[in-house]
Amino acid sequence: MLFLDEVVANLWTATQSLRFLGFEVGCRMTVVRLPSQALVLISPLPLKNGDRLRLDALGTVSHIIAPNRFHHLHFGAAQALYPQAQTWGALGLLEKRPDLEFDHTLDQPGQFEETLHYLPFRGFSSILPTGIQTVNETVFWHQPSGTMILTDIAYNFDDTFPFSTRLAAQVLGTYQSLRPSWLEKWGSRDKTVVEKSIRQVLAWDFDRVLPGHGSIIETGGKAQLKAGYEWLLGRSL
């Protein structure tokens with residue numbers, strides 16, 4: 001059963017354990033309620049019938065989003081639970097998961113009810129055991145609360161994570177700091193495109209940041225994200 005934590009009015013998160021390359025990194029789903037009472041699920045976690053009762057008490061699940069090419073494992077289960085919802089997938093995800101169905105592709109900037117804005121973050125890749133992989137992430141800005149919702153373009157691992165994760169985060173540059181790891185710095189070859197994307201993100205007015213992996217940053221998130229990308233790009237923003 002998911003535990004939904006209310007971060008601010010009309011915005012909730014749920015987390016679960018997730019191991020990546022042998023390390024506990026956790027995973028976060030974000031739920032946004034729009035003015036129409038429609039709910040947007042970003043990076044859905046495993047959902048069961050009991051979870052549906054809790055979500056239905058908040059509003060109507062109308063949009064289910066797989067925000068990049070890696071956060072899709074539980075998308076099909078959420079789609080089956082809410083077949084009436086509009087489904088959104090990152091660019092290139094359909095080729096990776098032809099078994100899934102998407103009503104929309106996240107290939108252009110847009111918004112939901114002038115409340116939840118989204119932007120494709122272009123040029124971002126990571127070095128994985130299978131080679132360099134394009135992430136094709138879309139980032140989200142909940143304008144009323146000044147909250148940025150990220151998935152894999154920045155992490156924030158702190159003392160709430162196991163020792164092995166903290167050690168790995170120190171090596172990769174993501175310990176107690178909102179930034180991408182060295183794997184993304186080396187994997188993202190076209191720094192000019194990444195720079196354009198992060199400049200667009202930093203033009204938004206936000207203070208809180210919800211990363212897909214790592215602890216929430218309640219205040220000062222914009223300054224931390226800016227500093228994190230100065231390190232990646234090796235240039236002043």
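The values are calculated or read from the model by the stated rules, or taken from the named source; none is laboratory data. Here the structure is a predicted model, which means the values were calculated and not measured. Here the Cβ positions follow ideal geometry from the backbone for every residue, glycine too, while neighbour counts run over all protein chains shown. Side chains are part of the model used for accessible areas, which takes the heavy atoms of the whole protein and leaves out ligands, DNA and RNA. Shrake-Rupley method; radii C 1.70, N 1.55, O 1.52, S 1.80 Å.
Is the shape of segment 131-171 best called rounded, prolate or oblate, per the rule: a/c under 1.5 gives rounded, else a/b larger than b/c gives prolate, else oblate, with a ≥ b ≥ c the square roots of the Cα gyration tensor eigenvalues? Oblate. Placing +1 on the Cβ of every Lys and Arg and -1 on the Cβ of every Asp and Glu, with no other charges, gives segment 27-151 a dipole of roughly 340 debye about its Cα centre.
Rolling a 1.4 angstrom probe over the chain with all protein chains present gives an accessible area of which 53% lies on carbon and sulfur atoms.
Here A80 and L202 are evaluated by their C-beta separation; at R0 = 25 Å the FRET efficiency comes out at 0.10.
Per 0.36 nm of contour for each residue apart, how much would the distance between D103 and L4 grow if the chain were fully extended, relative to their Cα-Cα spacing? Each step should come with its number before you reach the end.
Working: separation 99, 0.36 × 99 = 35.64 nm, distance 2.64 nm.
Between D103 and L4, full extension yields 33.0 nm more.
Sorting R54, R208 by accessible area puts them as R54, R208; the probe is 1.4 Å, largest comes first, and only protein heavy atoms count. For V135, the residues 5 or more places off, or on other chains, whose built amide H falls under 5 Å of its own are F124, S125, S126. Distances between placed amide hydrogens fall under 5 Å for R179 paired with Y155, all partners being 5 or more residues away or on another chain. The lysines whose alpha-carbon is closer than 26 Å to the alpha-carbon of K185, local same-chain residues fewer than 8 away aside, are K96, K196, K222, K226. For segment 23-87, a/c is not less than 1.5, where a ≥ b ≥ c are the root eigenvalues of the C-alpha gyration tensor, and a/b tops b/c. That puts it in the prolate class.
The gain in end-to-end length when the T60 to E230 segment is fully stretched comes to 57.2 nm, 0.36 nm per residue minus the alpha carbon separation. For the chain, build the charge dipole from Cβ charges (+1 Lys, Arg; -1 Asp, Glu) around the Cα centre, then report which of Q224, I127, V25 sits farthest towards its positive end. Going by the Cα projections, it comes out as I127. Solvent-accessible surface of the chain, averaged per residue with a 1.4 angstrom probe and all protein chains in place: 44 square angstrom.
Per-residue 3J(HN,Hα) values for segment 144-149, derived from phi via the Karplus relation 6.51 cos²θ - 1.76 cosθ + 1.60 with θ = phi - 60°, read x, 9, x, 10, 9, 10 Hz in sequence order (x marks Gly and Pro).
A Cβ-based charge dipole, computed about the Cα centre of the chain with Lys and Arg at +1 and Asp and Glu at -1, lands at about 520 debye.
Local charge for N136 was computed over the other residues whose Cβ lies under 12 Å away, with Lys and Arg +1 and Asp and Glu -1, and equals -1.
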